[in-house]
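Participant: Got a structure here, written out as structure tokens. Questions coming.
The values are calculated or read from the model by the stated rules, or taken from the named source; none is laboratory data. This one's a predicted model, so the numbers in the text were calculated from it and none came from an experiment. So basically every Cβ, Gly included, is an ideal-geometry build from the backbone, and we count neighbours across all protein chains shown. Remember, those area values only see protein heavy atoms, side chains included, never the ligands or the DNA or RNA. Shrake-Rupley method; radii C 1.70, N 1.55, O 1.52, S 1.80 Å.
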Amino acid sequence: MLARPRKQRRSEVNQRIRKLHEAIADKVLANPDLLDGIEAKLKQRYESKMMRYGSYMLWKSILETVNQPDVFKALLLAEDERTANLRRETIFTGVLTEEERTSALQN
């Protein structure tokens, strides 16, 4: 069995999660009606104390840029550690079908 350093494994996972969020961004931009459920999930997670205020505000600020597709994608897909950690606890669960997830990860 090949043991990889924790940092390398984390980086690989972050890249897979980022690929999924690229597909999510494209789908949300093509189907803005999805935002209602996403915003409801964000509010529910915050109100049930599953999310801290800082994460809530960061997600909220990303969602507010959806009418500016380039900005929305840039914020959602940013490479900084804070955004990578945010994506690990995504509010976009259920947006992609299993087929879409598989396709996104194969690209």
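Participant: Averaged per residue, what accessible area in Å² does region 2-107 show with a 1.4 Å probe, protein chains only? List each step's numbers first, then the result.
Facilitator: Details: 7020 Å² over 106 residues.
Accessible surface, normalised per residue, equals 66 Å².
Participant: When you take every Cα atom in the chain, what is the radius of gyration, and what is Dmax, the widest Cα pair distance, in Å?
Facilitator: 14.3, 47
Participant: When the helices in the chain are scored as -39500 (n - 2.57) per DSSP H run of 4 or longer and the sum is shared across all residues, what 222 nm value do you end up with, to the nearest 500 deg cm²/dmol? Can you show the working numbers first?
Facilitator: Numbers: 6 runs with 75 residues, N = 107.
Per the formula, -22000 deg cm²/dmol.
Participant: Determine, for the chain, the count of lysine pairs separated by eight or more sequence positions (or lying on different chains) whose alpha-carbon distance falls under 20 Å.
Facilitator: Lysine pair count for the chain: 12.
Participant: At GLN8 and GLU22, where each label point lies 7 Å from the Cα along Cα→Cβ, what is the point-to-point distance in nanometres?
Facilitator: So the two model labels end up 2.2 nm from each other.
Participant: What is the gain in length, in nm to one decimal, between ALA78 and ALA40 on full extension, counting 0.36 nm per residue of separation less the C-alpha to C-alpha distance? Mind showing how you got there, number by number?
Facilitator: Working: separation 38, 0.36 × 38 = 13.68 nm, distance 2.33 nm.
Difference between extended and current length: 11.3 nm.
Participant: Which one of VAL95, ILE24, ALA84 has its Cα pushed farthest toward the positive end of the charge dipole of region 23-107, where Lys and Arg give +1 and Asp and Glu give -1 at the Cβ?
Facilitator: Positive-most Cα among the choices belongs to ALA84.
Participant: Taking 0.36 nm per residue of separation and subtracting the Cα-Cα distance, what length does fully extending ASP70 through SER103 add? Could the numbers behind the result be given before it?
Facilitator: Details: separation 33, 0.36 × 33 = 11.88 nm, distance 2.23 nm.
Difference between extended and current length: 9.7 nm.
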